[in-house]
There are 2 protein chains.
Amino acid sequence: MASLFAIGLHGGAGTIAPGTAADEAPYRKALLDALAAGQAVLERGGGALEAVVATVVSLEDCPLFNAGHGAVFTSEARNELDAGVMDGSTLAAGAVAGVRVIRNPILAALEVMRDGRSVILGCDGAERFARERGLQIVEPSYFATPHRLAQLRAVQAAAGERAVVDHDAAAAMDDDAPRFGTVGAVARDRHGHLAAATSTGGLTNKMPGRLSDSSIVGAGVYANDATCAVSCTGTGERFIRGCVAYDIHARMQYLKQDVETASGDSIAQALEPLGGRGGVIAVGRDGRIAMPFNSTGMYRAWLREGETPQAAVFAA
Amino acid sequence: MASLFAIGLHGGAGTIAPGTAADEAPYRKALLDALAAGQAVLERGGGALEAVVATVVSLEDCPLFNAGHGAVFTSEARNELDAGVMDGSTLAAGAVAGVRVIRNPILAALEVMRDGRSVILGCDGAERFARERGLQIVEPSYFATPHRLAQLRAVQAAAGERAVVDHDAAAAMDDDAPRFGTVGAVARDRHGHLAAATSTGGLTNKMPGRLSDSSIVGAGVYANDATCAVSCTGTGERFIRGCVAYDIHARMQYLKQDVETASGDSIAQALEPLGGRGGVIAVGRDGRIAMPFNSTGMYRAWLREGETPQAAVFAA
């Protein structure tokens, strides 16, 4: 047991309308493809950090999810992306916030972590760093998809005079699923090391400059070999105020809770009292996986070594 | 006891060389002046949130401390400022990161909190928001002081080819105190509400775009009426990775520690294993104040209602 790997991912949580199996098929395929990317790393004995990054790159590159290509738009019809990664074996972390030309923000976050001088780089400084490190730079239009632009226009039309709406209002007005499309992955490798990665385009019609929980260690991403690795998705401001990712760790560390109890209790006690909605994926040091959410659905997939890969959207 | 207010502040922690009483006099005066600004709010029955903001504004306006006027420079000889604030009674929070023309970043953080749509606004978006809200905008040169520019040039000369040095290297090369000049305040008001505020110019010779723990809820600033209010100062990257401010809350919440034990244990167990140095100021829901640090000194001042204001630099 202790030597088996485990990996989980999410493609966002929110008010997802039940559809037909045909509607869900492309999402399930994309989720399982991303899972396979991380699984391949872990099966050849690779590390949890490499696995979660490979998984998130796959999700960033897929236009179905709100991260990388296919990210949602700001109120000014731009894409501003956030991503963060953490290595549970060293507690090293890296993040970028508000970046607009880095093809894969999670790779820039990883590079910030490896560089080691900073944990979070924002905006122009992050982009310059990414260029210097040779990461792939794209035109801002790379991230844009017609679907997301239509979402923005629908939200703006419904918002009327309000140029920027809050997250709850956007959720209430936007009839297209998924509501909150952040992506993320957590993994435990065969060596017992944990890692977490999260990446997002944020919120449709968000205020320019708004930074999400995805790039905040302890809010939307956290990993510690002593306890768990966590990636969050949902109403980001509430995850920041609730320090949800670190709260799950703290419950395991100080209350000696298991990963399922800690994750569920954190949603119920740290997130919900703030009006927060969404979900988390967490893997414990023992390889157990928890994926609680309080929204109607959360795109997710998971695998424990030797078992069949699973994908799901709604509660079991 | 339960109805008495308490307030504490810091003006940075680090490797501070012992000097004469005359050397310390201007720092002590500035610390006590800032304390008096918060005290005045609390004595007339005002709230903890208003008190910590008034205190931090005073410290931002003082050129002695690394926040607002007198902030340290980036590697490109610019000033990029971060600030965050949190209201323990509502768990509302606001922050700005990487701002360059807002005279008092802590007032912009407060405005982000009051606006409520976002928790953290970065860079250009934060500055535009501040303009729209009528906050005082200044030329970037407002923040610059000859002393800080000399510090930058000294660090850069010592760094040689390395355009940007890490925090430890900067500390080792920079012979002028204080090393880490973040400012912050915590308070408990007569109504039992807690609040925390933190503001910084960051690190001398920092990489452009580097965001500090000061604007990260749970890292450099946190407040919760159920437990404590916390403001941190030191090697910011380590405070982010250790989620130090939230860790102190979690120890009080889950381990039922008092504020002194939680603060001291968090420095020893969440910060030091990461190589972190610096200190925290914390006020508990019972009005007790803790100010532990593992650096040679921390500029600080504190007051409990009915007692004499105190200021200190080194360990007692």
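Within the range A:220-253, the residues that become at least 40 Å² less accessible when every protein chain is included than when their own chain is isolated (1.4 Å probe; DNA, RNA and ligands ignored) are A:237, A:240, A:241, A:243, A:246.
Distance between the modelled labels on residue B:90 and residue A:141, one decimal in nanometres: 4.3 nm (7 Å Cα→Cβ projection). Accessible surface for the protein assembly as shown, divided over its residues, is 32 Å² per residue with a 1.4 Å probe. Of the solvent-accessible surface of chain A, computed with a 1.4 Å probe and all protein chains present, 51% belongs to carbon and sulfur.
In whole percents, the pair-distance distribution calculated for the protein assembly as shown from its alpha-carbon pairs, binned every 20 Å from zero, is 23, 56, 21, 1. Taking every residue in A:94-106 and counting other chain Cβ atoms within 10 Å of its Cβ, the average works out to 2.
Working ranking of peptides A:93-101, A:240-248 by packing, defined as the average number of other Cβ atoms within 10 Å per residue, highest first, is A:240-248, A:93-101.
Other residues with beta-carbon under 10 Å from the beta-carbon of residue A:253 carry, at +1 per Lys or Arg and -1 per Asp or Glu, a net charge of +2. Counting only residues at least eight positions apart within a chain, or on another chain, the aspartates and glutamates with an alpha carbon under 17 Å from that of residue A:29 are A:60, A:61. Annotation: peptides B:300-306, B:278-284, A:280-286, ranked by per-residue average of other Cβ atoms within 10 Å with the highest first, follow the order B:278-284, A:280-286, B:300-306.
Accessible surface ranking for B:29, A:256, 1.4 angstrom probe, highest first: A:256, B:29. By the beta carbon rule, with partners counted only under 4.7 Å, chain A holds these lone Cys residues: A:62, A:228, A:232, A:243.
Only protein heavy atoms count here, probed at 1.4 Å, and on that basis chains B and A bury about 3600 Å² of accessible area in total. Straight-line cross-link partners of residue A:256 among the aspartates and glutamates, defined as a Cα under 16 Å from its Cα and at least 8 positions apart when in the same chain: A:225, A:247, A:265, A:286, B:247. Label-point spacing for residue B:116 across the identical copies (point 7 Å from Cα in the Cβ direction), in nm and ascending order: 4.6.
Sorted from closest to farthest, the other copies place their residue A:25 label points 8.3 nm away, with each point set 7 Å from Cα along Cα→Cβ. Summary of the geometry: the range B:13-37 and the range A:116-131, compared by the centres of their Cα atoms, lie 34 Å apart. Across chain A, the relative contact order, built from alpha-carbon pairs under 8 Å that are at least six residues apart, equals 26 percent. Shielding value for B:196-208 is 2, the average number of Cβ atoms from other chains within 10 Å of each residue's Cβ. A simple spin-label model places the labels of residue A:133 and residue B:307 4.6 nm from each other, with each point 7 Å out along Cα-to-Cβ.
For residue A:44, inter-copy separations between label points set 7 Å beyond Cα along the Cβ vector come to 6.9 nm, shortest first.
Mean residue ellipticity, 222 nm, helices only, chain A: the sum of -39500 (n - 2.57) across DSSP H runs of n ≥ 4, divided by residue count and rounded to 500, is -10000 deg cm²/dmol.
The local environment of residue B:106, defined by Cβ-Cβ distances under 11 Å, has a net charge of -3 under the rule Lys, Arg +1 and Asp, Glu -1. Per-residue Karplus couplings for the range B:212-218, computed as 6.51 cos²θ - 1.76 cosθ + 1.60 with θ equal to phi - 60°, are listed in order as 9, 5, 4, 9, 9, 4, x Hz, Gly and Pro entered as x. For the range A:6-312, what class follows from the C-alpha gyration tensor (a ≥ b ≥ c being the square roots of its eigenvalues): rounded when a/c is under 1.5, otherwise prolate if a/b is larger than b/c, else oblate? Rounded is the answer for the range A:6-312, as its axis ratio a/c remains below 1.5. Dipole size of the range B:6-312 about its Cα centre, with +1 on Lys/Arg Cβ and -1 on Asp/Glu Cβ: approximately 220 debye, rounded to the nearest 20. Once you reduce the range B:38-60 and the range A:215-277 to the center of their Cα atoms, the two points are 32 Å from each other.
The values are calculated or read from the model by the stated rules, or taken from the named source; none is laboratory data. Because the structure is predicted, anything quoted here is derived from the model rather than measured. All Cβ positions, glycine included, derive from the backbone under ideal geometry; neighbour counts span all protein chains shown. The area values use the complete protein model at the heavy-atom level, side chains included, leaving out ligands, DNA and RNA. Shrake-Rupley method; radii C 1.70, N 1.55, O 1.52, S 1.80 Å.
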